[in-house]
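In what follows, a single structure is set out as structure tokens and then discussed.
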Amino acid sequence: MLLIAACAILGFAAWLVFRPHGNGKVEAAPEPTAARVSVVERGSVSHVLALAGQFQSYQVIDVHPKVSGFIRSIRVDIGDRVRQGQTLAVLEVPELQAQLEGTVAQVSRSKDEIVRAEHEVAAAEARYSSLHADSDRLQQAAKAQPGLIAQQELDDALSKDLSAAAQVDSAKAALAAARGGADVARADNRRVGAMENYTNVIAPIDGVITWRYADTGALIQSGTDSNSQTLPIVKLAQSGLLRLRMPVPEDAVRYVKVGDPMLVRVDALDRSFTGKVVRFTRDVNFETRTMETEIDVENKDLSIDPGMYANTQLQLNHADNVWTVPVEALVLRDNKDVVYAVDNQNRVHLRTVEVGLRGSQLAEIKSGLAEGERVISGGQEKYQEGERVTPVIEARPARDVTRDAGSTIDLHDEDGGNQ
């Protein structure tokens, strides 16, 4: 009985010690703090410069006539598309026709002069041949029988011989002059003929007539006139190929290279395409501190009109297929970039990392982390070294395109911006 009483007393004492308190529930150990984490993955980070550009005709030409005259007919108007060599207008210049007829007559006359000079050369050579033969016979006879022929007769024969030789030379010189005169006449004929051909004003390039300055019957001055107020007949723009010109800020000039791709967006046409830098001025404007840069744009269907605006995007820095983490995962400690990495036991460890190109959402990690590791991407001040956390993995973009501070416009994100 004593044993039973002792057991009862011990059981009651144990109940007093271990009895439930309050609502009778046993308090559980606290759960680890939740933490937003991101996985180290490969991605790309780009810095781009967004600029407004304007389309311009590849060439713009004021078409002047070579000669002055009245417009007999003008065959084009504004908006007309013309081909190289097509006649734009026909001038009437009566004095040119008279000059052309005069040069034709001069060429015919020069031919007659050549024929006459050739006959004179032939006559002079025949006369010289006869007189030279007579002089030779007299000289030979005088040598055979001295004193037979008077010296005066010998001197006269020699004089006539030399005079005939001089006449031959003179006739040949006259023939050469006649031939030279014929060359001049023919050259003058070609010159006037070419000027007469200039009465047909033709298109020097393929293009579009953007303005017409004259009508039928108007007097048009020659384009070679020194008067600077001389008006052209039409203005012709080469619009089948356009220049897209953008002002690149001074601090981005070092990134511009021929062949660099540029994304182009034409809002007026709801159209996007990629072009390449073909030229730049290599000169920074003193007032605007920008450098003009150009893209050539094919426009065979003339869908883009010169003067339209376009939004462009020039890639400055780029890191592709590199390890990346969200920018929020980086913390600056003692002038070093660190991250709060979470190990396989979900415990926090501080890591120093080397950061490469930094965008608005992603940053390139050059060293300090490996693929698949997890890093806390916000509120790092709440966690301590070695603390155990409950990781909550967040989705993150694989590509980050950050627009430079010098950008002048904001492109639509359909081009593959921050995704």
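In the range 253-264, what count of residues is obtained for those that are surrounded by 15 or more Cβ atoms within 10 Å (Cβ to Cβ) and part of a strand (DSSP E or B)?
Our first condition is that a residue be surrounded by 15 or more Cβ atoms within 10 Å (Cβ to Cβ); within the range 253-264, this holds for 253, 255-256, 260, 262-264.
Next, only the ones that are part of a strand (DSSP E or B) stay: 262-264.
Summing the residues that are surrounded by 15 or more Cβ atoms within 10 Å (Cβ to Cβ) and part of a strand (DSSP E or B) in the range 253-264 gives 3.
State whether one or more residues within the range 291-299 are within 43 Å of the chain's Cα centre (by Cα) and over 30 Å from residue 209 (Cβ atoms).
Kept after step one, since they are within 43 Å of the chain's Cα centre (by Cα), are these residues of the range 291-299: 291-299.
With the extra rule that they be over 30 Å from residue 209 (Cβ atoms), the set shrinks to 291.
Yes, the range 291-299 contains a residue that is within 43 Å of the chain's Cα centre (by Cα) and over 30 Å from residue 209 (Cβ atoms).
I'd like to know if the range 250-266 contains one or more residues that are under 17 Å from residue 61 (Cβ atoms) and of a type in the set (Val, Ile, Thr).
Pass one, the range 250-266, residues under 17 Å from residue 61 (Cβ atoms): none.
No.
Going through the range 356-390 one residue at a time, which ones are open to solvent by less than 20 Å² (accessible area, probe 1.4 Å) and outside any loop (DSSP other than H, G, I, E, B)?
362, 363, 365, 375, 376, 380, 389 - these are the residues of the range 356-390 that are open to solvent by less than 20 Å² (accessible area, probe 1.4 Å) and outside any loop (DSSP other than H, G, I, E, B).
Considering only the range 302-355, give the strands (runs of 3 or more DSSP E) lying wholly within it that have at least 1 residues that are in contact (Cβ under 8 Å) with a residue 60 or more places away in the chain.
Numbers: elements: 309-326, 331-333, 336-342, 348-352.
So the answer is 309-326, 336-342, 348-352.
Starting from residues that are open to solvent by less than 90 Å² (accessible area, probe 1.4 Å) and among the hydroxyl-bearing types (Ser, Thr, Tyr), keep the ones in the range 307-331 and report whichever is nearest to residue 271 (Cα to Cα).
Here the residue is 312.
Any idea which of 301, 334, 267 is exposed (fewer than 12 other Cβ atoms within 10 Å of the Cβ), among the charged types (D, E, K, R) and at negative phi?
It is 301.
So residue 172 clears everything in (1) more than 35 Å from the chain's Cα centre (by Cα); (2) charged (D, E, K, R); (3) crowded, with 18+ Cβ neighbours inside 10 Å except one condition, right? Which one?
The failed condition is (3).
Applying the selection to the range 81-111, what residues are more than 30 Å from residue 182 (Cβ to Cβ) and in a helix (DSSP H, G or I)?
Pass one, the range 81-111, residues more than 30 Å from residue 182 (Cβ to Cβ): 81-92.
Within the range 81-111, none qualify.
For residue 281, state whether it is of a type in the set (S, T, N, Q) and closer than 30 Å to residue 82 by Cβ.
On the way: of a type in the set (S, T, N, Q): yes; closer than 30 Å to residue 82 by Cβ: no.
Taking the combined requirement at face value, the residue does not satisfy it.
Could you list, in sequence order, the residues of the range 308-341 that are among the small types (Gly, Ala, Ser) and under 30 Å from residue 386 (Cα atoms)? Show your work before the answer.
Keep residues of the range 308-341 that are among the small types (Gly, Ala, Ser), which gives 310, 319, 329, 341.
Hits for the range 308-341 are 329, 341.
Among the residues of the range 235-243, is there at least one that is surrounded by 18 or more Cβ atoms within 10 Å (Cβ to Cβ) and at pLDDT below 90?
no
From the residues in the range 61-80 that are of a type in the set (Val, Ile, Thr) and either assigned to a loop (DSSP other than H, G, I, E, B) or touching a His at 6+ places or on another chain (Cβ under 6 Å) (or both), which one is most open to solvent (accessible area, probe 1.4 Å)?
Kept after step one, since they are of a type in the set (Val, Ile, Thr), are these residues of the range 61-80: 61, 63, 67, 71, 74, 76, 78.
Filter again for either assigned to a loop (DSSP other than H, G, I, E, B) or touching a His at 6+ places or on another chain (Cβ under 6 Å) (or both), leaving 67, 76, 78.
Working: 67: 9, 76: 6, 78: 91 Å².
The selected residue is 78.
Evaluate the following for residue 190: is it modelled with pLDDT of 85 or more, over 15 Å from residue 63 (Cα atoms), out of contact with any Cys (no Cβ under 9 Å at 6 or more places or on another chain) and not small (Gly, Ala, Ser)? Can you show your working first?
Numbers: modelled with pLDDT of 85 or more: yes; over 15 Å from residue 63 (Cα atoms): yes; out of contact with any Cys (no Cβ under 9 Å at 6 or more places or on another chain): yes; not small (Gly, Ala, Ser): yes.
Criteria met by residue 190.
Checking residue 281 against (1) open to solvent by 30 Å² or more (accessible area, probe 1.4 Å); (2) within 30 Å of residue 353 (Cα to Cα), which single condition isn't satisfied?
(2)
The values are calculated or read from the model by the stated rules, or taken from the named source; none is laboratory data. Computed from a predicted structure; not experimentally measured. With ideal geometry, Cβ positions are generated from the backbone for all residues, glycine too; neighbour counts draw on all protein chains shown. These accessible areas exclude ligands, DNA and RNA; they are computed on the full protein's heavy atoms, side chains included. Shrake-Rupley method; radii C 1.70, N 1.55, O 1.52, S 1.80 Å.
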